[in-house]
1. Sum -39500 (n - 2.57) across every DSSP H segment of at least 4 residues in the chain, then divide by the residue count to get the 222 nm mean residue ellipticity, nearest 500.
2. Rg over Rh of the range 2-225, using C-alpha atoms and the Kirkwood radius, what does it come to?
3. Would you kindly derive the ³J(HN,Hα) couplings of the range 75-85 from the backbone phi angles with the Karplus curve 6.51 cos²θ - 1.76 cosθ + 1.60 (θ = phi - 60°), listing them in order in whole Hz, with x for Gly and Pro?
4. How would you rank 85-95, 183-193, 203-213, highest first, on the average number of other Cβ atoms within 10 Å across their residues?
5. Relative to the Cα centre, what is the charge dipole magnitude of the chain, using +1 at the beta carbon of each Lys and Arg, -1 at the beta carbon of each Asp and Glu, and rounding to the nearest 20 debye?
6. Mind counting lysine pairs for me in the chain? Cα separation below 23 Å, and the two need to be 8 or more apart along the chain or on different chains.
7. For the range 109-120, in order, what is each residue's ³J(HN,Hα) by Karplus, 6.51 cos²θ - 1.76 cosθ + 1.60 with θ = phi - 60°, in whole Hz (x at glycine and Pro)?
8. Report ³J(HN,Hα) in whole Hz for each residue of the range 144-157, in order, from the Karplus equation J = 6.51 cos²θ - 1.76 cosθ + 1.60 where θ = phi - 60°; Gly and Pro get x.
Amino acid sequence: MIEFFVIGVFAVVLLRTKSFDFAAVALSCVYGLVIWRLCGVEWILVLFTFLVTSLYATRCGRGKDGEKHEHRGADNVLSNGIVPFMSAVLGLPYFYLGSISAALADTLASEIGKLSVDAPVLIVNPRKKVEPGLNGGVTKLGTLASIGGSVIIASLSLVFYSSFATSDVSAYVLFFAVVAGGALGSVVDSVLGMAFENKGVMTNGSVNFSATLCGGIITTAIVIFL
């Protein structure tokens, strides 16, 4: 029953800090309870780390100019969380780690990137400067933050190595795979945002989903083939 208490406390914190709206909190609780029951506390700690780090980064990035951050809604939780959730349900640990790594890497790239003193440049053309906030615009600070987010999740994969990896998977390979999945997943987000979201072909939710999916695929592929 401890999982109900812990997740309940976390839900209250999310509501009190106005980070999530009620629907988003409810969906997050469902995700958390199912993942905890099916896979154990180690898996949920990785998810909690993503949530806490991304919320802190959002407050730091948007607090620079006094920008008010709207509550995250159920659509945001669904688009970023459905791939990790299904990975847990299906028992796919590398997919789980890679998808969360990509979600955190993308969040930190966007939010910490706002603190950059340099103008963002187009991801496919570094010589072209773009307006801050435009999909496909990247900064050096944001890129470093993205890699940092991937490293955070990769480090947790080593801390909880026995819960995620089989004995024939090297810790070095797992670490590299999670970092690569996260960083490249963030790149996918930027490219899709530039190519499709800016044109109204894809929504922000579908771009986020695609990025987490690619993060999971890349991480799993590296673990399998290396």
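Each reported figure results from applying straightforward, stated rules to the coordinates on display, with no laboratory input. Because the structure is predicted, anything quoted here is derived from the model rather than measured. Cβ atoms come from the backbone with ideal geometry, glycine included; neighbour counts cover every protein chain shown.
1. Mean residue ellipticity at 222 nm (helix-derived): -24000 deg cm²/dmol.
2. Taking Rg over the Kirkwood Rh, I get 0.96.
3. Coupling constants for the range 75-85: 5, 5, 5, 5, 5, 8, x, 5, 5, x, 4 Hz.
4. 183-193, 203-213, 85-95
5. It comes to approximately 440 debye.
6. Count of close lysine pairs: 15.
7. Rounded to whole hertz, the list is 4, 6, 7, 6, x, 5, 7, 5, 7, 8, 5, x.
8. Per-residue couplings from phi come out as 5, 5, 4, 5, x, x, 5, 5, 4, 5, 5, 5, 5, 5 Hz.
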